[in-house]
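These notes concern the structure reproduced below.
Throughout, read-outs are computed from the coordinates displayed, never taken from laboratory work. Every value quoted in this text rests on a predicted model; they were computed, and no experiment measured them. For neighbour counting, all protein chains shown are included, and Cβ atoms are generated from backbone atoms with ideal geometry for every residue, glycine included.
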Amino acid sequence: MRINLDDLEDLARGAALLGTGGGGDPYIGSLLLRHAIAANGPPEVVEVEDLDDDAMLFGVAMLGAPTVLYEKGACGDDMELAVRRLGERIGRTPDAIIPIEIGGVNSTLPIAAAAITGLPIVNADGMGRAFPEVQMVSYSIYGVSPTPAVVVDEHLNSVIVDTDDPLVAENIIRAVAIRMGLSVVMSCFAMTGREAKQYALRGTLTLALNAGRAIADSRKSGDPVSGVIEFLRGTEFYKHASVLFEGKVSDLHRETAKGFALGHCRFTSLENPADELVLEFQNEFLVARRNGTVKAIVPDLICVVDRQSGEPIPVETLKYGQRVKVIGISAAPILRTPEALEVVGPRAFGLNEDFVPIEEIPE
Amino acid sequence: MALRIGVDVGGTNTDAVLIDGRSVITACKTPTTSDVESGVAEALNEVLCEPTANVENVHAVMIGTTHFTNAFVERRSLSQVGILRIALPAARGIPPLVDWPDELADAIGRHVFMIRGGYQYDGQINAELDEKAVRSAAQQCRDKGIRSIAVCGLFSPVNSEMEERASRIVEEIIPDAVITLSSRIGRIGILARENAAIINASLCELAPRVIRSFRNALQTLKISAPLYISQNDGTLMSAEFAERYPVMTFSSGPTNSMRGAAYLCGVNDAIVVDIGGTTTDIGMLVNGFPREATIYAELGGVRTNIRMPDVLSLGLGGGSIVTRDPELRIGPQSVGFSLTEEALVFGGDTLTTSDVAVAAGYAKLGDAALTGDLDSAVVERAVKLIHSMIEDGIDTMKLSADPVPVILVGGGSILVGRDIPGTSEVIVPQHADVANAIGASIAQIGGEIDRMYSYEELGRDAAMEQAYAAARSAATDAGAIPGTTTIVDVEELPLAYIPGGTVRLRVKAVGELKASA
C-alpha cells in the first residue's frame, strides 16, 4: 500500500479531527509531504504485523506549540538530520519510520521523513490522537524509552537527549524546544518490530485517512458530522462517539506559555443562551464541561468541527462567533489502563478530576 | 436634509441609490462601462435628476465594487509582484506561492525572494534581518520594472519592525514602489497572511486608477462630498485607504447586498440570495451582519486569513447561458452585460436563464413572443434546474434543517418563480435589484485600534474596557456619531517577551456616519 497525492487532503482532515484541537495544522504538513512525494516518490506503507521482530524503527515527530508551527512551517532537511544523527548515536540505521502521534501534523511529517530518507512508513502510532507531551505515548507508558532523542531546529542546531525517565525526557526536550523557538523536529523512540507489535496502535494511518474521507463523502449526501460519527462507531478504537454540544464560540482565551498553547473556550447554545460548554486546552482539548458538569475528559478525545461542513477546527483557528459541534470519542483501550491513566489521565494534566469513560457519562 | 448616495459597481451593472436618512428616494441601474468612470457618472447623474435632490445636500458618497475581486479572479490588470519573505532559515519547506494555482502564480511572475530574518513567537529575534539581501531583492525588482512589493516577515503581527525596515530599504531603491506589509493585513499563519499581502500587492497599481475614475465621476457631477469605499466587513474606508488596501474590498459586494437586504426587509436573521448577471452569492445574515467564513477565506483559489463574510458563489445569473447538448446545463458562462443584445427576448440568439423565466411565464422582460419556439419540456427542466441549484446553495449555507426566511435580491432575482423547499418564506423587497447600493449607503464607519496592554497591571477586563473605549474613539474620529458605536471584532495576541503579561489587542468599533459639516 502507498499513500497517494490524492489521499493527502482526506488524511490531513482525519488527522485534524484526531488532533483534538491541537497537533498542529496538517495542511502545512501535507504541503511538505506533497513536495517530498513529488521529489522522492511515495513511501511504502508497512503493517505492524508484517514487521520483522528485529526490525529497527525510528519515530519522527514535530514538537512545540501549534501556533508557532503556523508561522515557522516546516523545512524537510531538519528531519533527515534528526534521523541520521539518531542512527549515528544508536549505531544502527533504521528499517522503517514509525509515527508517534497520528493527530495533527505528526500524521504527515513522518511520512515525509520516510519519503525523504527512502524508508517505509509503519501504519500505526502511539496515541491514536494527539497529546502535548513526549511521555504521553503508548510506547513509553509500557516501557520503550523515548531517548536517545535528537532534537533539531530550523537553523539545523541539534541536541541529543539521553535519560531513563520519560517525564524527564519531556522536560528537557521541552526546555530545549522553548529555547529553540517552540517548533522543532525530533527523531526518537527507537524500538524493535517486536516492541511495535506489543505497544503500537495498529492501522491509525488508514483510520485517519478514512475518517477524513467519511467527512468529505457525507457532505455530498447531507450530514458530515453524522457521517463521521457513524464511521467512528464502526472502528475498534473509537466506537463510542457522539455530539456533546452544538453552539457558537462566545469567549476564547488563548496564550503561548510554558511551551504550550493554553487556554479555554466557551460555547453558547444558539437555542438557549444559558446552556454553555467550556473546553480547556493545553495544545489539545482536555475536558468538556457543560454547565459545570464534565461530559468528556482525557484521554478520551474531544473534537470541535464546523457545524455544517464537519471540517475539524483546531484551537488556533477558533474564532468568536463560529458555529460548531463538539464531538466526544472514546480513546483506545491501551490508553485507558491504570498505568496509562497515570500518564494521560486528568490528574496528569493538573485537572482535579478522575477519568470517567465517555460511554459511562450520562448525556 | 442629509442625502447619501450609495453606488455598487458590479461586473455587469452599476447601481445607485439616493438615501435620505432611512428612506430610499430613488434608485437606478445602468450598465458598467469598461472605463468604470462613465458608468458611475451616469448612475450618479440619474439619481441626482430626482427633483427633490440637490447636490449640495449630498453629504457622502459610498462606493462598493467587485472590480478588484473580478480583476484578481479573472487574472486581469494584475501587477507583477516582488515577494520578499523575511523568515529564513524558518519555513523554507513552504516557500511563497507554494499553494497557488499555477496560472495565477505565473500571472504575477513568481518573483520570490527568501530572506534571512524574523522573530520568535515571543518577539525575540530568530535571525537578524539580512539587509543586503533586501537590497539585492529590491534591485532585482527595480531592474525588472516591478513596483508592487509584498513583504512578509516571520511573526510580523507580533513585531513588524523588520517588515518596516525592509520597506524603507525598498523605497530607497525603488522610490515609486507600492509596498504591502503583511502585518497590516493578516494574522498569525505565515502562508495565509503572505498570500493576502501578495494578492493586495497584485492590485496596487490598478487600485489608484480605479479610485481616480470614481473621483472623476464625482467631479463631473460637481459632488464635493467625501468619497468612501466599502470594506469586506460592511464598514467604510476612506478612498485613500482603499488605494493602498484594495484587498479589503473583495467581498464588499456580497456584504453590501446582504446588509442592504436586511435593511429593506427589516429582518436581521435570514439567508440572502443575490442573483446577478453571472453569479449568485448566498450568505447568511446574523444580527444584521453576514456570518464570517470559519477558517480560511479562499480568494481566487488562494488561502488567506483576512476577515471575510462566508459567501457561497454559484455560476448562475440572469445572463447564464443554457446549453442543451449533450445534456441540460446552466452556465457558468454568461452573456453578462450583453444580455440586452444576446438574449432571445431582446432579439438575440442565445438562450439564457432570463429567456427561460420569461418563457415559463413568471418573468416579464423584453418580448415574450420571441421565446415562442422553445420546447416547453426543455423550459420546464431548465426552470427545475435553476431552482434546484438555488435550493442546494441555500441548504449548504443553512445551519440546520429548519426552514429559514430567504431574502431575494439582485437583478437576476426574476429567475425565481417557484417555492423553494427548506425556506419558511421568500421575501423580495422593493428595490431588491439595487440592494448592493443600499448596503453601501447604510454602511457604518469603523475605527480600529491595535495596541499593547499589560494584563498584569490592569487585569484582562480593565484592559478590554480601555481598548473598547479607544476603538470607539477611533470610530468617532473617523466620522462616526458618538453614542452609536458598537464593538464588532476583538483579537487578543499575548506577547511573552515584554514583562507584565503584555497582550496585543486589536479592536474594531463601528458607528453611524454623521452628516459632514
Per-residue [θ]222 nm for chain B (sum of -39500 (n - 2.57) over DSSP H runs n ≥ 4, rounded to 500) | -9500 deg cm²/dmol
Dimensions in Å of the protein assembly as shown - Rg and Dmax from alpha carbons | 28.5, 93
If you take every DSSP beta bridge whose two residues both sit in the stretch B:394-517, what share of them, in percent to the nearest 5, is antiparallel?
-> 85 percent
Normalised by the number of residues in chain B, what is the relative contact order in percent for Cα pairs under 8 Å and 6+ residues apart?
-> 14 percent
DSSP-defined beta bridges in the stretch B:69-168 - what % are antiparallel, rounded to 5 | 15 percent
Compute the Cα gyration tensor for the stretch A:29-159, then decide on rounded, prolate or oblate, letting a ≥ b ≥ c be the square roots of its eigenvalues: rounded whenever a/c is under 1.5, prolate when a/b is larger than b/c in the other cases, and oblate in all that remain.
-> rounded
Rounded to the nearest Å, the spacing of the alpha-carbon centers of the stretch B:285-309 and the stretch A:107-130 is 34 Å
Here the whole-number average of other chain Cβ atoms within 10 Å per Cβ of A:302-308 is 2
Note down the nm distance, to one decimal, between modelled labels 7 Å out along Cα→Cβ at B:Lys144 and at B:Thr486.
-> 4.6 nm
Could you go through the stretch A:195-204 in sequence order and give the Karplus-derived ³J(HN,Hα) for each residue, using 6.51 cos²θ - 1.76 cosθ + 1.60 with θ = phi - 60°, rounded to whole Hz, and x for Gly and Pro?
-> 5, 4, 4, 7, 10, 7, 7, 6, x, 6
Tell me, what is the FRET efficiency for B:Val378 and B:Ser77 to the nearest 0.05, using R0 = 41 angstrom and their Cβ-Cβ distance as r?
-> 0.55
From the residues B:Asn126, B:Gly93, B:Ile149, which one has its Cα farthest along the dipole of the stretch B:91-163 in the positive direction, the dipole being from +1 and -1 charges on Cβ of Lys/Arg and Asp/Glu about the Cα centre?
-> B:Ile149
Mind checking the stretch B:206-265 for trypsin sites (Lys or Arg not before Pro) that DSSP puts in a loop (not H, G, I, E or B) and that have at most 11 other Cβ atoms within 10 Å?
-> B:Lys222
Helix A:108-117: inclination vs chain A longest Cα principal axis, degrees, rounded to 10, gives 10 degrees
For the stretch B:187-222 and the stretch A:60-85, what is the separation of their Cα centres, given in Å?
-> 37 Å
Only loop residues by DSSP count here, and only those with at most 16 other Cβ atoms within 10 Å; note down the trypsin sites (Lys or Arg not before Pro) in the stretch A:38-127 that meet that.
-> A:Arg92
Hey, rough spin-label estimate for B:Asp349 and A:Asp52, points 7 angstrom out along Cα→Cβ, what's it come to in nanometres?
-> 7.6 nm
Residue-averaged [θ]222 nm for chain A, counting only DSSP H segments that reach four residues, each worth -39500 (n - 2.57) | -10000 deg cm²/dmol
Quick one: compute the contact order of the stretch A:248-360, relative version, from alpha carbon pairs under 8 angstrom and 6+ residues apart, as a percent.
-> 21 percent
Most to least packed among B:439-452, A:153-166 [average Cβ atoms within 10 Å] | B:439-452, A:153-166
For B:Glu391 and B:Ala2, calculate 0.36 nm times their separation in residues minus their Cα-Cα distance, and state this gained length in nm to one decimal.
-> 136.0 nm
Alpha carbon centroid spacing (whole Å) that separates the stretch B:69-88 from the stretch B:376-452 = 31 Å
Listed pairs B:Lys222/B:Lys364; A:Lys197/A:Lys325; A:Lys72/B:Lys144; A:Lys325/B:Lys508; B:Lys364/B:Lys398 exceeding 32 Å between Cα atoms | B:Lys222/B:Lys364; A:Lys197/A:Lys325
Those trypsin sites (Lys or Arg not before Pro) from the stretch B:1-62 that are DSSP loop and have at most 14 other Cβ neighbours within 10 Å turn out to be B:Arg22
Calculate the spin-label point distance for B:Asp269 paired with B:Ser238, positioning each point 7 Å from the Cα along the beta-carbon direction, and give it in nanometres.
-> 3.9 nm
Subtract the Cα-Cα distance of B:Met452 and B:Gln466 from 0.36 nm times their separation in residues, and report this length gain in nm to one decimal.
-> 3.9 nm
Ellipsoid semi-axes in whole angstrom, largest first, where each is sqrt(5λ) of the Cα gyration tensor of chain A | 31, 21, 19
Taking 0.36 nm per residue of separation and subtracting the Cα-Cα distance, what length does fully extending B:Glu103 through B:Asn45 add?
-> 16.9 nm
Tabulate in residue order the Karplus-calculated ³J(HN,Hα) for the stretch A:59-65, using 6.51 cos²θ - 1.76 cosθ + 1.60 with θ = phi - 60°, rounded to whole Hz; enter x for Gly and Pro.
-> x, 9, 7, 9, 9, x, 9
Crossing angle, helix A:224-233 versus chain A [Cα axis fit, 0-90 degrees, rounded to tens] = 60 degrees
Neighbour net charge for A:Phe189 - beta-carbon separation under 11 angstrom, K R +1, D E -1 | -3
